[in-house]
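The values are calculated or read from the model by the stated rules, or taken from the named source; none is laboratory data. For clarity, every value in this text was computed on a predicted model and none was experimentally measured. Methodologically, a virtual Cβ is constructed for each residue, glycine included, from the backbone with ideal geometry; neighbour enumeration extends over all protein chains shown.
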Amino acid sequence: MKSDKNKFPDKNGFFGDYGGKFVPETLMYALEELESTYKNLKDNPEFKKQFYKDLSEFVGRPSPLYFAERLTNHYGTGSIWLKREDLNHTGAHKINNTIGQILLAKQMGKKRIIAETGAGQHGVATATVAARLGLECHIYMGSEDVQRQSLNVYRIKLLGAEVHAVDSGSATLKDALNEALRDWVTNVDDTYYIIGSVTGPHPYPMIVRDFNSVVGEELITQSQELFNSMPDAIVACVGGGSNAMGAFYPFIDIKETRLIGVEAGGEGVETGEHAAPLNDGMPGVLHGALSYLMQDDSGQVKATKSVSAGLDYPGVGPEHSWLKDSGRAEYVAVSDDEALKAFHEVSEFEGIIPALETAHAFAYLDTLMKEFDKNANVIVNVSGRGDKDINTVAEIDGIKF
Amino acid sequence: MNRLTKRLSDLKKDNDKALVAYLVAGDPDIDTTVELMKLFVASGVDIIEIGVPFTDPIAEGPIIQKAHDRALKNNISLESIYKMVGEFRKHDDETPLVLMGYLNTFIFHKKLIEVNQDNAIDSILVVDIPGELKLEDYGIKNQNINTISLISPTTKKDRVESIAKNSTGFVYYVTLRGVTGASNLDVNEINANIEDIKKHALVPTLAGFGIKSSEDAKLLSEYADGVIIGSSIVQMIEENSNSKEFDRIGKYITEIKQAIS
């Protein structure tokens, strides 16, 4: 059987119709330099050894695949398993990618690191690896997100990085990305831009996917060990889509496993107030890639709405757009209210406070578990822990500290 | 003949340099944009570059970003820009008009560009596509609209040739590493790179990004076939948008045109 997994991206950086390199000319050379560095290094045994050593000793991988007994009993159908990315150092899957990209930056001799962040997890993960190598680090963050993720802002500062609050546009993740791209255009000679999701111009969607695929690779081994078969479904939340892509990618050719991405439905997809481009968007170009995009009737990018800063983004990684069109993955959305309900339920049932992003994946179990019988095995990718969201949730619940 | 091609060849015959002035359509409002375009021409501008507002203009510095935001508050779309350009063309059928913007807007309004009502627009510059490509590569075809490609200080030598040859309007040399309106011009690098571009280009090479004073313009026009002024004009438009008295801009443009002639 022909593999779909290794088909994309093509030499121009496309996944089917999606992807590409849509950036100002000044960045073209930097992208080529990055692509050739990555191509030369990715199968280099020394590089791989270093990457997996750091993942093991610094991040604490492999992360467990944990049987969620009370949640399983609650639904009363298939077994629910949790991929514990929340147990990684810094508290989310984001560290996997930054560990890999900082090695590329080092190899390329870059002295200055920049990144964008929404929920702050990628900012923390980037500041962490930059601190470890003693590199100057600047994090761009929408000023609205600086407010709602203040705990992570302080963590980033503690790690020695500078946080730049971005006021332009909607002052969220998309605007942080704009500003990081502008910094990169200006300081391209000595600066490495660590993009935090499977978004942006080629080769980023490929690089971020590959580094994060350690999640899906571990899942193949762990599924075999723990229930002696491949899972019936993997459920993951999708903003830009890095945690989902990392979990899905190694399973693309394992057709018995359903791949389900859960987008942020905000006030409800039908209201238009959401962040669910795969459910309610159309193809367009943003931040260097052609992909599903939330846009208005004159081609302008629409403001998004989600209780979760990490999912509050109008675009999505181009490989997800391809997986949607090809039918290999399914994309659904849950509302803010459903995600908040799941946030509380998972905390109480399992003793795990999930990130609000992750809570979206859990919320979809209400629908999904009805489709399975007792023999099924369903994996939820617990992309991050919820400590960072305590203030947001407390405020919604009317609690003041 | 395309107005842009004609204007550039006329300037060359006269041994003169081109002055390109930029504004954002709909900033501060669409009627004022038409008035500003007329003022540009009266003050000595050879070519007008019209910024098409976009929510996420990643190549722009803060001054032009804010102008995009102001225009979007007025609901400016490519449709309203075509109406505005039609209005301008009633008064002026000679000044070349270039649209500068981001790919998403052009793809979205593909039909408008293919029709190009009354051939009002002469050229399109898409900021966020590789220089070797043109709108035709994204399925938008119009033979009367020519292409302006960007070459930057970081463009590798092997690509300079193919990008230069891809340009049918003019080659736009980005004079610095940065966004529009920055200020770190490196004259020696600019000189060497423009010389290199000219070896391959079939059309004139103009310089833009970071040119603010008539001194900058004079210096760069020694190497380039013309200069493009954006952020400093957009800033003056912002500062005078309440009174709508733009004499200052006219004076500024005339000074620059004199400096490069």
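Annotations for the structure displayed:
- Exactly one residue out of A:Ala180, A:Ala115, A:Ala127, A:Ala131 is more than 14 Å from every other protein chain (Cβ to nearest Cβ), under 29 Å from A:Gly16 (Cβ atoms) and either small (Gly, Ala, Ser) or surrounded by fewer than 24 Cβ atoms within 10 Å (Cβ to Cβ) (or both), and it is A:Ala115.
- Of the candidates A:Leu27, A:Leu71, A:Leu34, the single residue that is closer than 16 Å to A:Asn97 by Cα and not small (Gly, Ala, Ser) is A:Leu34.
- First in region B:76-92 and at the interface with chain A (Cβ under 10 Å from one of its Cβ atoms) and at pLDDT 95 or above, second anywhere and surrounded by 15 or more Cβ atoms within 10 Å (Cβ to Cβ) and part of a helix (DSSP H, G or I), Cβ under 7 Å, 6 or more apart: B:Ile76/B:Ile30; B:Leu78/B:Thr105; B:Leu78/B:Leu112; B:Glu79/B:Leu112; B:Ser80/B:Ile30
Results for (1) over 30 Å from B:Ile107 (Cβ atoms); (2) of a type in the set (Lys, Arg), shown as yes or no for each residue.
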| position | (1), (2) |
| --- | --- |
| A:Ser229 | yes, no |
| A:Cys237 | no, no |
| A:Asn243 | no, no |
| A:Arg258 | yes, yes |
| A:Gly266 | no, no |
| A:Thr271 | no, no |
| A:Leu278 | no, no |
| A:Ser308 | no, no |
| A:Pro318 | no, no |
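- Restricting attention to region A:327-339, the residues being more than 13 Å from A:Val235 (Cβ to Cβ) and surrounded by fewer than 20 Cβ atoms within 10 Å (Cβ to Cβ) number 3.
- A:Leu356 vs. criteria over 16 Å from the mean Cα position of the chain (by Cα) and within 20 Å of A:Tyr331 (Cβ to Cβ): no
- For region A:302-314, the criterion of a residue being within 14 Å of chain B (Cβ to nearest Cβ), in contact (Cβ under 8 Å) with a residue 24 or more places away in the chain, under 19 Å from A:Ala92 (Cβ atoms) and not in a strand (DSSP E or B) is satisfied by at least one position.
- The listed residue being of a type in the set (Ser, Thr, Tyr) and in contact with a strand residue (DSSP E or B) (Cβ under 6 Å, 6 or more places away or on another chain), out of A:Ser306, A:Ser298: A:Ser306
- Restricting region A:1-30 to residues that are outside any loop (DSSP other than H, G, I, E, B) and without any contact (Cβ under 8 Å) to a residue 40 or more places away in the chain leaves a set whose member that is nearest to the other protein chains (Cβ to nearest Cβ) is A:Glu25.
- Residue ID - nearest to B:Asn184 (Cα to Cα), chosen from residues in region B:61-74 that are in contact (Cβ under 8 Å) with a residue 12 or more places away in the chain and either at the interface with chain A (Cβ under 7 Å from one of its Cβ atoms) or part of a loop (DSSP other than H, G, I, E, B) (or both): B:Gly61
- In region A:183-215, the residue that is farthest from B:Asn184 (Cα to Cα) out of those that are free of Cβ contacts under 8 Å to residues at least 60 places away in the same chain and facing chain B (nearest Cβ under 10 Å) is A:Asp189.
- Scan of region A:31-51 for residues that are under 23 Å from the mean Cα position of the chain (by Cα) and within 14 Å of another protein chain (Cβ to nearest Cβ), ordered by number: A:Leu31, A:Leu34, A:Glu35
- Subset of region A:250-289 that is within 14 Å of chain B (Cβ to nearest Cβ) and surrounded by fewer than 18 Cβ atoms within 10 Å (Cβ to Cβ) - its residue that is nearest to A:Thr199 (Cα to Cα): A:Pro283
- Residue in region A:145-153 that is crowded, with 23+ Cβ neighbours inside 10 Å and touching a Leu at 6+ places or on another chain (Cβ under 9 Å) present: yes
- The sole residue among A:Glu85, A:Glu69, A:Glu57 that is closer than 20 Å to A:Ile252 by Cβ and either surrounded by fewer than 14 Cβ atoms within 10 Å (Cβ to Cβ) or touching a residue at least 60 places away in the same chain (Cβ under 8 Å) (or both) is A:Glu85.
- Filter pass, B:Ile58 being away from every other protein chain (no Cβ under 14 Å) and either in contact (Cβ under 8 Å) with a residue 24 or more places away in the chain or closer than 25 Å to A:Thr186 by Cβ (or both): no
- The number of residues in region B:89-104 that are buried (at least 20 other Cβ atoms within 10 Å of the Cβ) and farther than 27 Å from B:Asp56 by Cα comes to 1.
- Pair list, Cβ < 9 Å and 6+ apart or interchain, from region A:233-258 residues that are at positive phi to residues that are at pLDDT 95 or above and of a type in the set (Ser, Thr, Tyr): A:Gly241/A:Ser197; A:Gly241/A:Thr199
- Listed here are the strands (runs of 3 or more DSSP E) enclosed by region B:101-193 that have at least 3 residues being within 13 Å of another protein chain (Cβ to nearest Cβ): B:149-151, B:171-174.
- Of all the numbered requirements in (1) surrounded by 21 or more Cβ atoms within 10 Å (Cβ to Cβ); (2) within 14 Å of chain B (Cβ to nearest Cβ); (3) of a type in the set (Gly, Ala, Ser), A:Gly91 misses one, and that requirement is (2).
- Positions within region A:255-287 being in a loop (DSSP other than H, G, I, E, B) and either touching a Lys or Arg at 6+ places or on another chain (Cβ under 9 Å) or acidic (Asp, Glu) (or both), in sequence order: A:Lys255, A:Glu256, A:Gly266, A:Glu267, A:Gly272, A:Glu273, A:His274, A:Gly281, A:His287
- Among the residues making up region B:39-71, a single one is in contact with a Pro (Cβ under 7 Å, 6 or more places away or on another chain) and surrounded by fewer than 21 Cβ atoms within 10 Å (Cβ to Cβ): B:Arg70.
- Of all the residues in region A:103-126, those that are farther than 19 Å from A:Asn243 by Cα, among the small types (Gly, Ala, Ser) and out of contact with any Phe, Trp or Tyr (no Cβ under 7 Å at 6 or more places or on another chain) number 1.
- Counting only residues that are in contact with a helix residue (DSSP H, G or I) (Cβ under 7 Å, 6 or more places away or on another chain) and more than 20 Å from A:Ile194 (Cβ to Cβ), region A:18-44 holds 1 of them.
- Listed conditions (1) touching a residue at least 12 places away in the same chain (Cβ under 8 Å); (2) under 23 Å from A:Asp145 (Cα atoms) are all met by A:Val332, apart from (2).
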